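Report on the structure given below.
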Amino acid sequence: MPIARVDGVEVEFEAGMNVLQVAELAGKEIPRFCYHERLSIAGNCRMCLVEVKPGPPKPQASCALPAGEGMEIFTDTPMVRKARHGVMEFLLINHPLDCPICDQGGECDLQDQAMGYGRDDSRYAENKRAVEEKYMGPLIKTVMTRCIQCTRCVRFITEVAGVPDIGLISRGEDVEITTYLDKAVASELSANVIDLCPVGALTSKPYAFNARPWELKKTESVDVMDALGSAIRVDARGPALLRVLPRTNEAINEEWISDKTRYAVDGLSRQRLDRPFIREGGRLRAASWDEALGAVAAKLNATSPDRVGVIAGDLQDAESMKAALDLFGARGGKLDCRQDGMVLGEGGRESWLLNSSIQGLEDADYILLVGTNPRVEAPVLNARLRKRWLAGALQVAVIGEAADLTYPYEHLGAGASALTGLGKSKSEFVKGLKTAKAPAIVVGAGALTRTDSAAVLQAAAGVAKAFGMAWNVLHTAASRVGGLDMGFSTGRAADLAAKGGADVLFLLGADEVDLSKTSAFVVYLGTHGDAGAHRADVILPGAAYTEKNGVYVNTEGRVQLGFRAVFPKGEAKEDWAILRALSERMGAKLPYDSLDQLRAKLFADHPTFGRVDYVAPAAQPDFAALGAKGQLSEAPFASPVTAFHLTNPIARASVTMAECASLAAGPSKIAAE
């Protein structure tokens, strides 16, 4: 490996690194505005100037200068200090003096670097230029007079998000960042530009003027809006959750999160269930915990255990499902964590995991997407696939809906018939697939939640086996893999909710199940006044994911821990504690009195849950055991996510998500409805 000297210290570095990266290896801090390690190099802010030998006797931009063997790099010479002072003076010529009212205050790179590398005065007395504000949608607030044209937002939207809606117009002093036609940025990842912006030009519109960063309590947690389990940070002030930000996790989300993850947070304070309710005479009335638990226990004890059905929703933590499994499963009740009717659940764990792993999919050279639209089902994963495609090393084909995935693909067909005929296809993708080094298949819920899903699953398994493809399932629910891992699938949600399917139906945060035909006594344990609560005979208010410590397992089988940021609303309690109290009323007391005891039993009964942040090496399922023979339908595959911003009770309660959904639907669709 080549060696360079940074301020007299020898540093060994990888070939291809730039001077800025080498300097950081040596522990030297290099100021920058335009440079970002996940974006292409622009080299236009000039803040990262250093002195280099051999080379011309002038400061050079370290981000755009390749490092070489024997190079001497100087980061703190009089020439460098003077150059940085000059660059900062230029950047501040037109920057407004509005730090006291800027939402970036306290988190502003320009503030920090002006203090560390700037002058204490300015030689410019001319009027500052002003720039009109731009419309970028309901999420991004613009104050473009503050913009320093670093172009981070332009490069992110174009390169990572794949939706070139932001660009640079005009020249010289008139240059501006804008959306070309004053339209909202049409990306599920758009709000990441707020984190990237080094000044206060792009800030969070819903969060505007709410708080300063030093007022907030910061809690590290995991996202439950999809099945990836992105690393997030939840910021709260007192009992109020104010924002969600991404944390860096190279194995899952790098440093991006979806707009739904970031902005559904206001739904956690709206339409909340904060006390128990009992339905009498067709109307719900408030009740005490003692009365509500007593009514549920009496009904359950009077019902044959095999006539009790339990359905877990998409946002449930493993502890609540384990408590329900211990309470109802041991008595012979039927349980299901697949409220969408997914066919998976029997067989080995490899049959329902994304076995390649999220990061491992970047090593694939051919990927076949079956019945999935990753752009709306897992936007961050879709960005990874685009990143792999940009590197020129990925070919993608789709069997399903022909959606805009932000990268080109070959559309092999819309339905199951394309799967069965793949071996005889003369498409370029199939030709290349036969000689691919690391092919993978990704099967989504759109192919696994149909009446013919067992036959579709068998056909997909046959394709994977024939071409030697890594088997991957992309889930849409944060609770799904955890539920399947612990065997929370002894019944079928559709059967339990059907007429005569159960006499008592216990909904554990399940709001996506059709309850129109059931005559069962419905108990709803959840957080919001959504579909499940509307049908319930008894409502037990639970805790949202930000209000409890919980274990979640993502689509690749990685066990992660979420942490409580605030306490549950009103009289609401943690889900497992409600089930523990109910079990005592039923005379079948669960053998744990604390979360630690519950987790100990969970880890003992299901050892995979004890391996936190571990992903098993890639494995293949028993393809012969996947699915079953049956008649394949001619109906095309369709993603279950028809409205990206409204997929769960929290998102549906969010005003911000409602505005985004209305914008995404378009005026024609709104008028039609």
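The values are calculated or read from the model by the stated rules, or taken from the named source; none is laboratory data. Note that the coordinates shown come from a computational prediction; the quantities given were computed from them, not determined experimentally. All Cβ positions, glycine included, derive from the backbone under ideal geometry; neighbour counts span all protein chains shown. Calculation scope for accessible area: heavy atoms of the full protein, side chains included, ligands and nucleic acids excluded. Shrake-Rupley method; radii C 1.70, N 1.55, O 1.52, S 1.80 Å.
Count the net charge of all other residues whose Cβ sits under 10 Å from the Cβ of Gln21, scoring Lys and Arg as +1 and Asp and Glu as -1. That works out to -3.
Rolling a 1.4 Å probe over the protein heavy atoms leaves Tyr614 with an accessible area of roughly 80 Å².
Considering only beta bridges that DSSP places wholly inside the stretch 523-577, some 50 percent are antiparallel. Partner lysines whose Cα lies under 26 Å from the Cα of Lys424, excluding those fewer than 8 positions away in the same chain, are identified as Lys434, Lys437, Lys465, Lys629. Quick check for you: which residues of the stretch 246-276 have the amide N under 15 Å from the point 7 Å beyond the Cα of Leu390 toward its beta carbon? Only 254-257 pass the distance filter. Sorting Trp256, Trp289, Trp214 by accessible area puts them as Trp214, Trp289, Trp256; the probe is 1.4 Å, largest comes first, and only protein heavy atoms count. The modelled label-to-label distance between Asp274 and Ser417, using points 7 Å beyond Cα along the C-beta direction, is 5.6 nm. Nearest-5 percent of antiparallel DSSP beta bridges in the chain? The antiparallel proportion sits near 55 percent. Normalised by residue number, the volume inside the convex hull of the Cα atoms of the stretch 228-342 is 177 Å³ per residue. The aspartates and glutamates within cross-link reach of Lys517, meaning a Cα-to-Cα straight distance under 14 Å and a gap of 8 or more places when in the same chain, are Asp495, Asp503. Each residue was assigned an accessible area with a 1.4 Å probe, and for Val396 the value is about 10 Å². The candidates Arg275, Arg171, arranged from most to least accessible area with a 1.4 Å probe in the full protein assembly, appear as Arg171, Arg275. For the stretch 442-549, the relative contact order works out to 16 percent when only alpha carbon pairs closer than 8 Å and six or more residues apart are counted. Take every pair of alpha-carbon atoms less than 8 Å apart whose residues are at least six positions apart; their mean separation over the length of the chain yields a relative contact order of 14 percent. Counting only protein heavy atoms and a 1.4 Å probe, the stretch 77-140 has 60 square angstrom of accessible area per residue.
For the stretch 1-124, the antiparallel share of DSSP beta bridges with both residues in that region comes to about 85%. Over all orientations, the chain has a Cα convex hull whose mean projected area works out to 33.2 square nanometres. Seen from Ala460, the other residues with C-beta closer than 15 Å to its C-beta sum to a net charge of 0, counting Lys and Arg as +1 and Asp and Glu as -1.
If you sort Phe563, Phe603 by accessible surface, 1.4 Å probe, largest first, the order is Phe563, Phe603.
Net charge in the neighbourhood of Gly557 (other residues with Cβ under 15 Å of its Cβ; Lys, Arg +1, Asp, Glu -1) is 0. Across the stretch 189-206, coupling constants 3J(HN,Hα) worked out from phi with the 6.51/-1.76/1.60 Karplus curve, θ = phi - 60°, read 10, 4, 6, 5, 5, 5, 5, 6, 4, x, 10, x, 6, 10, 10, 7, 5, x Hz, and Gly and Pro carry x. Separation of the alpha carbons by more than 20 angstrom is noted, of Lys205/Lys260; Lys28/Lys217; Lys548/Lys569, for Lys28/Lys217. For Arg262, the accessible surface of its heavy atoms amounts to roughly 10 Å² (probe 1.4 Å, protein chains only, rounded to the nearest 10).
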